[in-house]
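The values are calculated or read from the model by the stated rules, or taken from the named source; none is laboratory data. Given the structure is predicted, the values throughout are model-derived calculations rather than measurements. Cβ atoms come from the backbone with ideal geometry, glycine included; neighbour counts cover every protein chain shown. Note: accessible area is taken over every heavy atom of the protein model, side chains too, but ligands, DNA and RNA are not part of it. Shrake-Rupley method; radii C 1.70, N 1.55, O 1.52, S 1.80 Å.
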Amino acid sequence: MNNTSILQSEKSCRVLLVEDEPGDIELIRYAFRITDGQTFHLEIVTSLKEAIEQLSQQEDEFDVVLLDLMLPDSQGIETLRTLRRHCADIPVVILTSVLHNKLIQDALQAGAQDYLVKGEEPRALRKAVHYAVLRHAFNQTARLSEAVFNITHTAIAVFDSHLRAKQRNQAFSMLMQSCDASLVTQTLDGVLDVLLGQCCWPDIQIQLEEGGCFEKEVTVHAPDEALTFLMRMHRLDRPDGHLSNYIMMLDDITEKKKAEQRLAYQASHDALTGLPNRSLFNDRLQQSIVESRRYGQSFALLFIDLDGFKAVNDTWGHAVGDRVLQVCAERMLNEVRESDTVARLSGDEFAVLIKNSAVPAHINLVAKKLLDSLAAPIRIDKIDLAISASIGISSFPLDATSPDDMLSQADSAMYEAKREGRNCVRWNQSSA
């Protein structure tokens with residue numbers, strides 16, 4: 001037997017009634033004919049088997065099942081359990097003539113949204129069905145939110161208006177334990193003090209009150225490495241505008257930051273020697289000019305070109321030539337201070353910034369050390385190689401006051417050193 005009673009409505013509640021008593025069917029049909037803001041689409045089957053078939057074919061077509069536990073092909077709580085095995089994701093309201101506390105408890109434990117006794121007045125029946133659908137939707141949303149909360153790699157914690165931790169997911173607990181096991185139960189301001197290394201809650205609180213959110217990158221020192229997280233905080237208010245909770249979320253962006261750093265390094269450094277490239281050198285040269293003007297200081301630029309490098313490349317090949325460039329880069333780094341800059345401009349051309357000094361005696365000493373270091377024999381794959389260098393020098397502000405002019409003056413001085421026999425140092429004429 002299969003009867004359908006359709007009450008048209010754009011927002012009708014679709015009900016599958018599983019009932020075999022004709023009198024009860026008519027009473028229920030009558031209850032759903034009456035509308036008070038909610039209309040219903042009622043479909044009726046008279047056995048558990050028919051109900052399972054309907055749901056297997058069109059479960060998405062129903063919002064709720066209204067189920068009698070006493071059917072021709074199934075009796076008692078097993079009726080509900082069997083139905084739930086075939087349709088786990090639809091609310092079920094029990095409608096039966098048996099009022100027994102143990103049966104009610106078993107039905108609710110087996111997944112029923114509600115338990116009604118036959119003979120309820122129509123309005124109560126409609127309300128029970130309506131609220132069962134709403135509760136089921138709410139529970140589904142809550143279960144989904146809880147699942148996402150617990151399985152996400154984002155560390156999430158909820159704090160109340162008194163800054164006490166109310167809820168945190170596993171990712172947050174693990175992160176806090178990697179910093180300090182005591183932080184698992186810390187207050188919000190205590191967690192922030194550890195993450196940011198300072199007493200910063202008052203300032204963050206002001207930003208949350210004004211804009212509702214706060215964002216900052218933080219570094220967490222785990223046992224094996226330093227991790228970078230994007231920390232986001234949100235203030236949640238109740239409908240009346242009063243504070244309800246604070247939410248903290250931490251996303252691990254360590255690999256992203258490493259990738260950004262690698263790209264930045266590759267864009268600013270020479271791939272062969274690891275030295276700053278021309279672009280980074282120009283930035284540092286410009287910065288040195290700005291600082292020197294501000295503090296009334298001087299500095300020098302050394303332009304270095306290797307002597308005899310082309311012969312090495314032509315005779316022994318580029319692999320040996322590349323190794324020679326690497327050895328020369330290492331030697332130059334060893335002869336200057338950490339505050340100075342050694343860069344590879346192109347090919348076998350290098351430049352050195354000697355900061356905070358343009359005293360000829362000091363610069364000549366550095367240049368002499370560089371010449372001696374680069375002229376020392378180089379042994380690669382049992383091959384003994386001999387090269388040297390020609391160095392040209394310009395100083396700020398005596399010779400030039402712009403990056404391009406300083407490079408041009410030092411380059412010209414370097415070519416003068418080449419013309420005068422190589423393996424020597426020449427200053428720009430203004431400094432000579």
* Asked: Can you name the number of the only condition in (1) acidic (Asp, Glu); (2) outside any loop (DSSP other than H, G, I, E, B); (3) buried (at least 21 other Cβ atoms within 10 Å of the Cβ) that GLU416 fails?
  -> (3)
* Would you mind finding the one in LEU263, LEU301, LEU272 that is touching a Phe, Trp or Tyr at 6+ places or on another chain (Cβ under 9 Å) and not aromatic (Phe, Trp, Tyr)? => LEU301
* Structure fact -> In region 117-143, residues that are of a type in the set (A, V, I, L, M) and buried (at least 17 other Cβ atoms within 10 Å of the Cβ) total 5
* Asked: In region 87-137, what residues are of a type in the set (D, E, K, R) and under 50 Å from the mean Cα position of the chain (by Cα)?
  -> ASP89, ASP106, ASP114, ARG126, LYS127, ARG135
* Structure fact -> Of the residues in region 301-344, those that are polar (S, T, N, Q) and under 20 Å from ALA376 (Cβ atoms) number 4
* Wholly enclosed strands (runs of 3 or more DSSP E) of region 276-382 bearing at least 2 residues in contact with a strand residue (DSSP E or B) (Cβ under 8 Å, 6 or more places away or on another chain) and touching a residue at least 60 places away in the same chain (Cβ under 8 Å) -> 299-307, 341-346, 349-354
* **Subset of region 27-52 [charged (D, E, K, R) and at pLDDT below 90]** => ARG29, ARG33, ASP36
* Asked: Applying the selection to region 238-272, what residues are open to solvent by 80 Å² or more (accessible area, probe 1.4 Å) and within 21 Å of SER161 (Cα to Cα)?
  -> ARG238, PRO239, ASP240, HIS242
